[in-house]
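Just below is one structure, and these are the notes that go with it.
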Amino acid sequence: MKIKFAVIGQGHIGKRHAEMIRRNAEAELVAVCDIATKEYLGLTDLKESFYNTPEEMLAAHPEIEAVNICTPNGLHATHSLLALEAVKHVVIEKPMALSKTDCEAIIFKALQKNKNVFCVMQNRFSPPSAWLKKIVEEKIIGDVYMVQLNCYWNRDERYYLPAGQAGKKGGWKGTQELDGGTLFTQFSHWIDLLYWIFGDVNNIQAKFNDFNHASLTEFEDSGFVNFNFVNGGMGCINYSTAVWNKNLESSITIIGSKGSVKVGGQYMDKVEYCDIKDYTLPELAPTNEANDYGAYKGSANNHPQLISNVIDTLKGRTSITTNALEGLKVVDIIERIYSLRTLNRKS
């Protein structure tokens with residue numbers, strides 16, 4: 001039997017979810033939903049049912065089993081709770097929500113309704129990420145001393161301003177209420193990898209700045225964050241969306257007691273350095289191409305693996321790749337970092 005899906009939100013990522021569901025032989029896309037019209041979204045040839053409200057869609061299709069939440073970040077909790085109340089499994093695009101409190105409400109409702117919550121952190125499927133997890137978990141690199149995460153991306157007016165409306169803000173991107181900040185929207189995938197590989201953090205210190213997004217966003221475009229890992233060692237996150245023209249780098253460097261490694265490239269897709277005692281780097285499978293959104297790009301397109309994991313979990317063949325408690329922890333870490341945020345603007 002095919003798992004019956006619906007998708008709430010038909011922006012770039014919602015369309016990607018819909019297409020990955022269509023391509024899976026064990027999945028059936030029943031319906032999609034968005035507040036915009038089909039014409040505006042370019043969905044005039046859509047074969048599935050289309051609705052403008054989640055309530056209408058859920059009422060019309062009781063057969064739906066899983067609902068993918070692909071709406072603006074600040075609406076993730078609202079739409080997840082709506083789907084769970086209708087007794088559906090939910091697949092929530094990153095971040096799970098914009099507050100730990102909202103994440104807890106989702107988890108409580110899922111337990112109450114006996115439904116699964118899948119959090120989209122698809123970078124875990126990238127071969128270099130899985131390799132890093134293995135060498136840290138199995139102590140191949142020894143004790144972790146230092147970890148540096150660098151995320152230097154481009155997000156400019158092409159991303160934040162509607163086409164043909166230069167100089168005018170529009171939509172949800174860049175707003176505190178619906179976007180939440182750079183760490184939520186652009187870099188929560190990488191914070192998830194830090195948590196997945198190294199565990200929780202404490203003793204956080206941070207500095208933030210807004211170099212060239214003052215007319216585009218309500219929050220920072222750059223930051224330095226440092227902390228200790230609860231499991232030992234220290235780390236830092238250096239990030240920016242102020243890079244000119246195109247993404248520069250997403251990388252993790254680890255200094256351990258038995259060696260050092262760096263996984264880099266624009267999307268942390270290649271092992272750039274590996275020197276570990278009595279160890280030979282195995283040949284890793286290639287990383288999928290980055291999600292291409294025209295003028296800008298995002299993380300690796302691992303959504304096919306995500307949809308397969310949802311299906312395999314619901315059919316009892318495996319477990320959730322990123323469960324709700326892990327999704328909550330990513331939000332918790334970002335919330336704790338942002339609790340230190342005082343914004344400087346370039347004069």
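Across the range 269-283, in residue order, what do the Karplus-derived ³J(HN,Hα) couplings come to in whole Hz, using 6.51 cos²θ - 1.76 cosθ + 1.60 with θ = phi - 60° and x for Gly and Pro?
Per-residue couplings from phi come out as 10, 8, 7, 8, 8, 8, 9, 10, 4, 6, 9, 10, 4, x, 6 Hz.
Average projected area of the Cα convex hull of the range 116-241, in nm²?
Computed as one quarter of the Cα hull surface, the answer is 9.5 nm².
Normalising by the residue count of the chain, find the relative contact order in percent from Cα pairs under 8 Å and 6+ residues apart.
Relative contact order, the chain: 19 percent.
What number, rounded to the nearest 500 deg cm²/dmol, is the helix-based mean residue ellipticity at 222 nm of the chain, given -39500 (n - 2.57) per DSSP H run of at least four residues and division by all its residues?
-8500 deg cm²/dmol
Could you work out how much longer the chain between Thr318 and Trp172 gets when fully extended? Use 0.36 nm per residue separation minus the Cα distance between them, nm to one decimal.
Residue separation times 0.36 nm, minus the Cα-Cα distance, leaves 49.0 nm.
Once you charge only the Cβ atoms, +1 for Lys and Arg and -1 for Asp and Glu, what is the size of the charge dipole of the chain about its Cα centre, to the nearest 20 debye?
Here the chain has a charge dipole of around 180 debye.
Among bridges DSSP assigns within the chain, what percent are antiparallel (round to 5)?
Here the antiparallel bridges make up roughly 55 percent for the chain.
Name the residue from Pro282, Ser250, Ala130 whose Cα lies farthest towards the positive end of the charge dipole of the chain, charges +1 on Cβ of Lys and Arg and -1 on Cβ of Asp and Glu.
Pro282
Filter the trypsin sites (Lys or Arg not before Pro) in the range 43-150 down to the DSSP loop ones having no more than 14 other Cβ atoms within 10 Å, then list what survives.
Those that pass, being in a loop and sparsely packed, are Lys47, Lys139.
Once both axes come from the Cα atoms, what is the angle between helix 303-314 and the longest principal axis of the chain, in degrees from 0 to 90, rounded to 10?
It works out to around 70 degrees.
Within the range 137-241, list the GluC sites (Glu not before Pro) lying in a DSSP loop whose Cβ has at most 14 other Cβ atoms in a 10 Å radius.
Glu138, Glu177
For Lys134, give me every one of the aspartates and glutamates with a C-alpha distance below 20 angstrom, ignoring sequence neighbours fewer than eight places off in its own chain.
Straight-line reach from Lys134, under 20 Å: Asp143, Asp192, Asp200, Asp269, Glu272, Asp275, Asp278, Glu283, Glu326.
Output the direction-averaged projected area (hull surface divided by four) of the convex hull of the alpha-carbon atoms of the chain, in nm².
The number I arrive at for the chain is 17.6 nm².
Longer than 29 Å from Cα to Cα, which of Lys115/Lys329; Lys47/Lys113; Lys258/Lys315; Lys207/Lys329 are they? Say none if no pair is.
Lys47/Lys113; Lys258/Lys315
Please list 3J(HN,Hα) in residue order for the range 126-140, calculated via the Karplus relation 6.51 cos²θ - 1.76 cosθ + 1.60 where θ = phi - 60°; whole Hz, with x for glycine and proline.
Residue by residue, the range 126-140 yields 5, x, x, 5, 4, 5, 4, 4, 5, 6, 7, 5, 8, 6, 4 Hz.
Can you give the direction-averaged projected area of the convex hull of the alpha-carbon atoms in the range 3-122, in nm²?
Mean projected area for the range 3-122: 6.9 nm², to one decimal.
Starting from the Cα of Lys2, draw a straight line to each of the aspartates and glutamates and keep only those under 17 Å, dropping any in the same chain fewer than 8 residues away.
Partners found: Glu19, Glu26, Glu28, Glu48, Glu63, Glu65, Asp312.
Only the coordinates and a few stated rules stand behind these numbers; no lab work does. These numbers come from a predicted model, not from an experiment. Reconstructed Cβ throughout: ideal geometry from the backbone, glycine too, with neighbour counts over all protein chains shown.
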